[in-house]
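To start, the structure itself, in structure tokens.
What follows draws every value from the coordinates through simple rules; no lab data is involved. Everything numeric in this text was worked out from a predicted model, so none of it was measured. Virtual Cβ from ideal backbone geometry, glycine too; neighbours counted across all protein chains shown.
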Amino acid sequence: MDKKVAIEAHHLSKSFGSSKVVEDLNLTVYTGEIFGLLGPNGAGKTTTMRMFLTLLHPTTGTAKIFGYDIVQQARDVRRLIGYVPQEKSVDRFMTGREHLQLIASLYHLSGQEARKRIQEVLKLVELEEKADELVKNYSGGMKRKLDIACGLIPNPKLMFMDEPSLGLDVQSRLRIWDHIRDLKAQGITILMSTNYLEEADQLCDRLAIIDSGKIRAIGSPLELKKSLGEDRILIELGRVAAPSMKELIEAIRKFEFVRDIREGQNSLEIWIKPQQDAFTALFQKVGNGHYPVQAVHYMRPSLEEVFIKHTGHKIREES
């Protein structure tokens, strides 16, 4: 069965004057998935999202949301989408419920529809008990929940979330992740931008690495990590005489799956082609040689390594 398409973009570009912010973007997002745009600040993530939201017209290229053109059929697109912006959009001197009532009025919901929908979204984001408190008394996590609730008022098929957990503490971030998973479970398609590697790894079914306005790679987090083609095994040893260490290295190099070996202080870091019996074979070789093994660690490539591979830099360069 063919997957249904939620977003389809072809050669999408956006320039501001002589500055090209998004360049030749090709992208397909399927219904029911959480799709991430992973990149540093200034990579073009928000500009891409604003084109899909019909807030910006592309300079070149086309895009469709559930088959509707984002320029020619913008009104139809807006009926199907919700948006959680990066900037906190709440007024600290209004209550949570008043925010939702305002959003409901902007979508022209009747009084009965608005009350029903507001109660549904308050329950979904677990703000029922705090709905009538002023937002100035909300924690950062609660304010973000209210942002999500506002985006859910129109009952969207597709939710855009720009840096959904930016600036939150760890516990609040984890709770927001749970809410995002709940949205997916309800059948809502989600396109989110993030510069948190762990967030992309934990939440996204698929993601696009975007840097300097260009998509560098697309795939599931697991597919992208596997594409590097190398796992690592770190063997920590006790004191080993130099001749014995040399003999061990030469023996390990004979395995066809071994790509590289780096010797550390009483340790070996071994790069291997992923293979089911690689760990066992290496462990037996070291064990049968009666070497003083302290610990053995099997490590798969990280999403950070994938990002560096495709962009040439870390997602957050050290200052």
In straight Cα distance, which lysines are under 23 Å from residue 225, not counting same-chain residues fewer than 8 positions off? 45, 214, 273, 309, 314
Among the lysines, which fall within straight-line cross-link reach of residue 130, defined as a Cα-Cα distance under 26 Å, with same-chain neighbours fewer than 8 residues apart omitted? 88, 116, 143, 145, 184
Local electrostatic count at residue 256 - Lys and Arg +1, Asp and Glu -1, tallied over other residues with Cβ under 12 Å: +3
Spin-label pair residue 185/residue 260, simplified geometry with 7 Å Cα→Cβ offset, distance in nm: 4.3 nm
Using Cα centres only, tell me the gap between segment 82-130 and segment 246-272 in whole Å. 59 Å
Over segment 6-70, one equal point on each Cα, no solvent: what is log10 I(q)/I(0) by the Debye formula at q = 0.26, 0.28 Å⁻¹? -1.25, -1.40
Quick one: length gained pulling residue 30 to residue 310 fully straight, 0.36 nm per residue minus the C-alpha distance? 98.4 nm
Residues of segment 150-179 with backbone N under 18 Å of the label point set 7 Å from the Cα of residue 75 along Cα→Cβ are none
With a 10 Å radius around each residue's Cβ, average the other Cβ atoms per peptide and rank 248-254, 213-219, highest first. 213-219, 248-254
Cα extents of segment 220-312 per principal axis, largest first, Å, are 42, 25, 20
Footprinting exposure proxy for 257, 16, 66 (fewest neighbouring C-beta atoms within 10 Å first): 16, 257, 66
Where does each of 164-176, 191-203 land if you order them by average Cβ count within 10 Å, highest first? 191-203, 164-176
Modelled label-to-label distance, residue 11 and residue 212, 7 Å Cα→beta-carbon offset: nm? 2.2 nm
Cβ-derived FRET efficiency at R0 30 Å, residue 223 paired with residue 59, nearest 0.05: 0.45
Per q in 0.09, 0.15, 0.21 1/Å, what log10 I(q)/I(0) does a Debye calculation on the alpha-carbon atoms of segment 1-142 return? -0.38, -0.93, -1.23
Can you figure out the FRET efficiency of residue 281 with residue 92, using R₀ = 41 Å and their beta-carbon distance, to the nearest 0.05? 0.10
Could you list, bin by bin from short to long, the percent of Cα-Cα pairs of the chain in 20 Å steps? 28, 45, 22, 5, 0
Counting Lys and Arg as +1 and Asp and Glu as -1 over every other residue whose Cβ sits under 15 Å from the Cβ of residue 236, the net charge comes to +1
Which order, highest average first, do 41-47, 125-131 follow once you tally other Cβ atoms within 10 Å for each residue and take the mean per peptide? 41-47, 125-131
Measure nothing but the geometry: give the 0 to 90° angle between the long axis through the Cα atoms of 140-152 and the longest principal axis through the Cα atoms of the chain, rounded to 10°. 60 degrees
What number comes out for the charge environment of residue 266, summing +1 per Lys or Arg and -1 per Asp or Glu over other residues with Cβ under 15 Å away? 0
Given R₀ = 45 Å, FRET efficiency for residue 300-residue 110 by Cβ-Cβ distance, to 0.05? 0.30
